[in-house]
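Novice: Dropping the structure in here first, questions after.
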Amino acid sequence: MYMCPKMSMKKVFNYSPNFNSNKRKSKQIKFLIFHYTGMRKENDAIKRLTNIQSEVSSHYLIKKNGVIVVMVPDLYVAWHAGKSSWKSFKSLNKNSIGIEISNPGHEHNYLNFSKKQIRSILYLGKSLMKKYNIQSSNILGHSDIAPFRKKDPGEKFPWKYLAKFGIGKWHSLSKKILKKNRMKKININEEKIFYKSLFKIGYSKKVLNKKTLVSVFQRRYRQDLINGKIDQECLIISKNLAK
């Protein structure tokens with residue numbers, strides 16, 4: 001569909017001033033975090049990420065045409081994750097590489113990611129994973145690490161497809177089993193098991209709004225139905241991933 005990520009991709013350099021001045025060691029890099037830009041115009045997103053007054057940045061930006069823009073060198077901490085947590089890690093900027101993908105996002109007519117963008121995600125994702133020995137379970141979306149603030153990269157991000165190449169985790173359940181369990185109610189004990197599975201996967205235990213956390217989980221692992229309600233389908237997906 002999108003081609004195997006063996007080919008090299010076009011890179012351009014547009015450095016951002018928004019990063020920590022101290023270099024980090026390569027072994028500190030443990031996560032890849034995917035974002036969407038969430039702005040109507042691609043050029044405006046690039047300007048914001050390279051504007052010293054915005055105080056935000058990322059290591060890379062992938063344009064609509066698939067061109068990879070290098071903004072902050074890998075060994076410097078870019079300002080992309082903000083207040084965030086995953087498993088025992090807090091404030092993930094210091095342990096991650098941030099990849100922005102040009103897309104207007106939920107507030108501005110959220111679009112499908114282009115085939116050229118997906119090819120670049122595959123190429124960049126695989127090369128960074130290999131370079132820094134990043135585990136597939138540590139490939140995350142901004143909403144995974146900041147579930148009460150963010151929705152990106154959103155339900156149109158092709159997590160299932162990327163997982164075939166080891167970029168991120170996906171469950172091993174068949175469509176038949178999923179369909180059979182959709183919309184089936186769970187009991188109180190099963191609800192506890194669901195949240196226990198989410199925390200085991202890595203989601204924050206500081207649950208301010210459970211419905212929001214469920215929606216974040218669905219936005220990644222059940223992208224065709226995001227209703228904030230736990231059913232048997234959500235339960236079996238969470239248990240499968242927690243293994």
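Where a number appears in this text, it was derived from the coordinates with a stated rule and is not lab data. This is a predicted model, so every value here is computed, not measured. For neighbour counting, all protein chains shown are included, and Cβ atoms are generated from backbone atoms with ideal geometry for every residue, glycine included.
Novice: Suppose the Debye formula is applied to equal point scatterers at every Cα of the stretch 16-107; what is log10 I(q)/I(0) at q = 0.21 Å⁻¹?
Specialist: -1.01
Novice: Can you work out the FRET efficiency for the pair LYS179 and ASN133, with r the C-beta to C-beta distance and R0 = 25 Å, to the nearest 0.05?
Specialist: According to the calculation, E is roughly 0.10.
Novice: In addition: Work through the residues other than LEU140 whose Cβ is under 12 Å from its Cβ and net out their charges, Lys, Arg +1 and Asp, Glu -1.
Specialist: +3
Novice: Show me the ranking of peptides 57-64, 36-43, 129-136, 21-28 by mean Cβ neighbours inside 10 Å, starting with the highest.
Specialist: Most protected by this proxy first, the peptides run 57-64, 36-43, 129-136, 21-28.
Novice: With just the Cα atoms defining each centre, how far is the stretch 205-243 from the stretch 61-140? Give it in Å.
Specialist: After rounding, the separation between the Cα centres reads 22 Å.
Novice: What aspartates and glutamates sit close enough to LYS206 to cross-link, taking a C-alpha to C-alpha distance under 18 Å and skipping anything fewer than 8 places away on the same chain?
Specialist: Here the aspartates and glutamates satisfying the reach criterion relative to LYS206 are ASP144, GLU191.
Novice: So which of LYS156/LYS229; LYS210/LYS239; LYS64/LYS169; LYS10/LYS116 end up more than 22 Å apart, counting from Cα to Cα?
Specialist: LYS64/LYS169
Novice: By how many degrees, 0 to 90 and rounded to 10, does the Cα axis of helix 188-201 deviate from the longest principal axis of the chain?
Specialist: 20 degrees
Novice: Separate question: May I ask you to work out the translational diffusion coefficient for the chain at 10 °C, viscosity 1.306 mPa s, via Stokes-Einstein with Rh from the Kirkwood sum over Cα pairs, reported in whole µm²/s?
Specialist: Stokes-Einstein gives a translational diffusion coefficient of 86 µm²/s.
Novice: In deg cm²/dmol and to the nearest 500, what is the mean residue ellipticity at 222 nm of the chain if only DSSP H runs of at least 4 residues count, each as -39500 (n - 2.57), divided by the residue total?
Specialist: -9500 deg cm²/dmol
Novice: Once both axes come from the Cα atoms, what is the angle between helix 210-221 and the longest principal axis of the chain, in degrees from 0 to 90, rounded to 10?
Specialist: 70 degrees
Novice: For helix 115-132, report the angle its Cα long axis makes with the longest principal axis of the Cα atoms of the chain; keep it between 0 and 90° and round to the nearest 10°.
Specialist: Roughly 90 degrees, rounded to the nearest 10.
Novice: Further question: So in the chain, what percent of DSSP beta bridges are antiparallel if you round to the nearest 5?
Specialist: Once the DSSP bridges in the chain are tallied, antiparallel ones form about 30 percent.
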